[in-house]
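Notes follow the structure.
What follows is calculated from the coordinates using simple rules that are stated; it is not laboratory data. Since this is a predicted model, take the numbers as computed values, not measurements. Note: ideal-geometry Cβ built from the backbone for every residue, glycine included; neighbour counts use all protein chains shown.
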Amino acid sequence: MTQLRTEEFTVNMGPHHPSTHGVCRLLLTMDGERVVHIEPYIGYLHRALEKICENRTYPQCIPILDRFEYVTAMSCNYVFALAAERLASIQVPERAEYLRVIMLELNRMASHLLWYGTTALDLGAITPFLYGFRERELILDLFEMTCGQRLTYNYIRIGGVARDIPPQFIPKCREAVKTITEKMSDYEGLLNENPIWMARNKKVGVMSPELAIAYGVSGPPLRASGVKYDIRRNDPYSIYDRFQFNIPTQRNGDCYDRYIQRLQEIKESLKIVSQALDGLPEGDIKAKVPGVFKPPAGEVYARMENSRGELGVYLISDGTNKPLRVKTRGGSYNNLQVLPELGKGLLIADVVAIMASLDIIMPEVDR
Amino acid sequence: MGLLKDIKNLLIGMKITGKHLGRHAITIQYPEEKWTMPERSRGIVVLLSDKETGELNCTACMLCARACPTGAIIIDAPRDEVTKKRTLKGFIVDNGLCCFCGLCEEACNFCAIKMTPKYEFSTINKDDLTWDVKKLQEVGRDVDYIDTRKKKTAPAPKPAAATPTGDAPIPTPVANPGEEKKEG
Amino acid sequence: MTKDELREYIATRYSGKLTPLDLGRYELLYAADATGFKELARELYEDEQLKFDYLLNLGGIDTKERFEIIYNLGSIEKNHRIDIKLSLPYENAEVDSVQEIWPGANWFEREMWELYGINVRGHNNLKRFLLPDDWNQGHPMRKNWTAPDFIKLPEAGV
Amino acid sequence: MTPIIASGELIVLFRWLHAQLASVGLPDIWVTVITYAVLGVFMFALLAVIALFLVWWERKISAHIQQRFGPMRVGWHGWYQTIMDALKLLQKEDIRVDTRDKPVFFWAPVLCFVAAFLAYVSIPFGDGLIVSDLNIGILYIIAVTTFTIISLLMAGWGSNNKYALLGGMRSAAQVVSYEVPMIASILTVILFSGSLSMVKIVESQTGHGIFNWFVFRVPFGPIAFLTYLITATAETNRTPFDIPEAEQELVAGYNVEYSGMKFAMFFLAEFVNMFTVSAIATTLFLGGWNGPFLPSWIWFLGKTLFVVFILMLFRWTYPRLRVDQLMEFSWKFLVPVTFANLILAGWMKYAKWHW
């Protein structure tokens, strides 16, 4: 019998594909079901945010950067405000710092809950998606109550926060914390020990710590690989040094570890929010910032631990009221870069699982 | 033993979904039922009118137009050559450009522009999203607001005391624009 | 290493190669020579005391007179970081790729090449990826580039 | 010539129709043809109603599991939502790819639809409510439902789309490998009933309350039932075995290029298939129409819908398996287990350790 000819074929996964979380195109070279090579093509969501920011004043940049990573827009607000405050050496009032921490951690939870839902959806479990969204809704309601928007907050400003929390915020926030703590058992019960879930995730997309560091992977994927590196502890910003919380790490760096890592981070965030609510002082919510904000010339790189990794802004001021350069760096940018390394030689379904576990969000990549 | 454990865990999953089967839906049927938007919700931009006279509060100071990061606000207010005062002729908000950031509301010192919790303004024609001063005033007629302008005649009520929503005692929107006013 | 120790160490070991800049507001900011940067980067990477194994960010800057490239380096193990800035002429700006040292630099350099037109020597995959494939309207992040549909905002606050 | 219909309540209607037609004086052949045509239309309508109901039911169940409302707009709790959906799909433009394989593309949904309906020739809806009690009933059903694979493969190939092709291939591989444990678990039942006829199988489970149902004949009965349930889920391409149409991997798998009514045919066929496998499970393991007080067809329908409900709960709870894990699960786990079970059952039958 003569040998039949086989050939590799290419599949365009995306730009519109249910599991690419936005518009990302993966050019897969496949040998049957097996992926030989992955090449990500990005830029379908490029809005030139950095260029736009160069033509805006500092306060105007914040609503623009809301769109940089819309799932955790609070972090985008925060990191820009942090950079600008470092440039102008502004001391932020105590109460504002507490409010910021509450908002940032709530937003981290919201982001992880969204991730929990979408990653389960990517692997075919539809119900966890709705459950994750259900609790995320509680958090978004809190945000809407405080700053008026559910997704693009424009809340954390240079020198403080935009508005004080309404009086009903604290009881509602405590209630939300309690509800999420209770519902965690549902999430864990649905997927944690589920044999199908474990089969799909364990030993898939194993990322060694060396690989993660080399590619600049940050955030939960990095910690899931066993590297204990969290900017909240390693390069403390705001008042994170006042709170008791752990930095969970995992050992194997596979998809399952990344999943567990995020669930544990939700629990840590819950702790931080409770502590911040307990310690919330009275006082000003905004430092004295001149109406026309003109930081002295200088450059600063501000970074923070976002739910998707390190969120950084390199801000250069030339002394005018507009920044000379706003270079943003999102966690997904590097986390997506490592995908071709992780997905090589696996099945197409594994690529989906890895993509989901890395928690890529495309606006952060394309900017 | 592993098999039994797997089956147990599969059953736990079924138990959780089964448990939810009997619960009430948490979603609402949108056009019939509507969510009450929070007081601070940032929806449609409107122009506010004076509660007594019914005239626009806007003084055409251009602060909102300058604060807008997307250039959605276009104010036509030619400056009088003699008195150096601006008179409001046209005020256009392009809702297609508006990013609902609320900076205009914060910039305003005259309680003239506000983001309301209203949100239903979809149209089938893109041009209908550009609202002129009439439409903006019309939509803003029934919007309740705290008048923080300094009245010369009547003694000004304390803004914090007049807060109908029981907001926290620091009315931030006035703190910052006040400074802007000095410089501008 | 704390910030002061790091400053001290770099001043003794890399005095000729890294010149401190006073523009940095939070982290240490150094200027380096663009021509031999790749070797310097390798040195920094392999230095037992510094171990800059983590490239946080890499980006081009257009200051209207020249191009600058900023490297935000960090060390996971030692937990310290510095920023290094290269200066390039406006015409024929070229820089060596550092993706052999930090593979994560790949996309950053590609983006810099695409948006600023800074050529990256030794990059394995210089293809457009943020802009459309058939883009021929120049390098959008340069200061002298304006979008065709650019609307100038009313000058704020002044 | 009498129609091959067993005794039953509803079948009287057809008897009457046959008699009426014969009395008019039509030739025998015409009488038969008309009777069968009426019967066919009736079955088709019944199954269409069942399929539409199942679609609605699944949407409602999924909604309530996820704390949503599901369809609420048309009728009481949206009860005729699926009918309106079907009407909408009928009106939709039939988008066809230019590079398709024309006949294959066209016939695939038809074959899928027909294959799904053919099985109902031999499914007893109640005591005597069977179109034709074939003496090879279960064998016939397995044979015709396997046509579905061919149709899916055709759909995958005819679409000239890589995702569709992968989906078609996956479905062929999956259904072929799950057919083996499925038949092995069915054989366990046949071993005891001693007949391939569906009616005989049900009759062999009468008496002794529910303890004569095969599912309660420990130890082999429950194992066979569980393995059958798993393989049935796989046969119908439903989560956790829905890899042929894995939404998040292959977009929609084999039916990615289909639109309008052709898509609806695949869609309805899926639900008809789901009902088929549940009906087989009821007949084989849950005592078919056996049950006290209520009419037999209500018992049958109730049991079938219960199995359908379990399949739905599977779908809305579990993630999807990967394609190689799916194969491993079949060949390395299900096949040995079902065959061991079969041998156990055979030995127990030989040793007469059963009731």
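With Rh defined as the Kirkwood radius, the inverse of the mean 1/r over Cα pairs, the Rg/Rh of the range D:239-355 is 1.07.
For the range D:117-192, the alpha carbon convex hull comes to 92 Å³ per residue, rounded to a whole number. Taking other residues whose beta carbon is less than 12 angstrom from the beta carbon of A:Ser332, and scoring Lys, Arg as +1 and Asp, Glu as -1, yields -2. If you take all other residues with their beta carbon under 15 Å from the beta carbon of C:Met1, and give Lys and Arg +1 and Asp and Glu -1, the sum is -3. For the residues of A:183-190, the average number of beta carbons from a partner chain within 10 Å of their own beta carbon is 3. Residue-wise HN-Hα couplings along the range A:186-197, as the Karplus relation 6.51 cos²θ - 1.76 cosθ + 1.60 with θ = phi - 60° gives them from phi, are 5, 4, 5, x, 6, 10, 3, 9, 5, x, 5, 4 Hz; Gly and Pro carry x. Among the listed pairs A:Lys51/C:Lys152; C:Lys17/C:Lys38; A:Lys228/A:Lys267; B:Lys19/D:Lys303; A:Lys202/B:Lys8; A:Lys286/C:Lys143, those whose Cα-Cα separation exceeds 23 Å are A:Lys286/C:Lys143. Report the Rg/Rh value for the range D:81-351, based on alpha-carbon coordinates and the Kirkwood definition of Rh. Value, to two decimals: 0.99. Projected onto its three principal axes, the C-alpha set of the range A:169-285 covers 49, 34, 18 Å, listed from the longest axis down. Other residues within the sphere of radius under 15 Å centred on the Cβ of D:Gly137, judged by their own Cβ, net out at -1 (K and R +1, D and E -1). If you wrap the range C:3-121 in the convex hull of its Cα atoms and look at it from every side, the mean projected area works out to 7.0 nm². May I ask for the percentage of alpha-carbon pairs in the range A:9-366 that lie more than 38 Å from each other? The share of Cα pairs beyond 38 Å in the range A:9-366 comes to 15 percent.
Extending 7 Å from the Cα toward the beta-carbon at both B:Trp35 and A:Lys294 defines two label points whose distance is 4.3 nm. With a cut-off of 15 Å on the backbone N, no residue of the range C:94-112 is near the modelled label site 7 Å out from A:His37 along Cα-Cβ. Each of A:Glu210 and A:Phe9 was given a label point 7 Å from its Cα along the Cα-to-Cβ line. The distance between the two points is 3.8 nm. For the range D:39-74, the residues whose backbone nitrogen is under 15 Å from a point 7 Å from the Cα of D:Gln20, taken along Cα to Cβ, are D:39, D:42. Divide the volume of the convex hull around the Cα atoms of the range A:1-110 by the residue count and you get 141 Å³ per residue. Here's the picture: a label point sits 7 Å out from the Cα of D:Val114 along the beta-carbon direction, and within the range D:27-50 the residues with their amide nitrogen under 17 Å of it are D:37, D:40-41, D:44.
Note: the range C:94-157, Cα convex hull, 125 Å³ per residue. Note that the range D:278-292 has calculated 3J(HN,Hα) couplings of 5, 5, 5, 4, 5, 5, 7, 10, 9, x, x, 7, 5, x, x Hz, one per residue in order, obtained from phi through the Karplus relation 6.51 cos²θ - 1.76 cosθ + 1.60 (θ = phi - 60°); glycine and proline are x.
Site pair A:Glu182 and C:Glu46 shows an inter-label distance of 6.1 nm when each label is modelled 7 Å from Cα along Cα→Cβ. Scalar couplings 3J(HN,Hα) for the range B:111-126, obtained by applying the Karplus form with A = 6.51, B = -1.76, C = 1.60 to θ = phi - 60°, are 6, 9, 10, 8, 9, 9, x, 6, 9, 8, 9, 6, 10, 9, 10, 5 Hz; x denotes Gly and Pro. FRET efficiency for the pair A:Glu282 and A:Asp241, taken as 1/(1 + (r/R0)^6) with r the Cβ-Cβ distance and R0 = 25 Å, rounds to 0.70. Each peptide among D:340-351, B:103-114, A:351-362 gets the average number of other Cβ atoms lying within 10 Å of its residues, and from highest to lowest they stand as A:351-362, B:103-114, D:340-351. Counted without the sites themselves, the longest stretch of chain A free of GluC sites (Glu not before Pro) in a DSSP loop having at most 16 other beta carbon atoms within 10 Å is A:9-192. The convex hull around the C-alpha trace of the protein assembly as shown, projected and averaged over every direction, spans 53.6 square nanometres.
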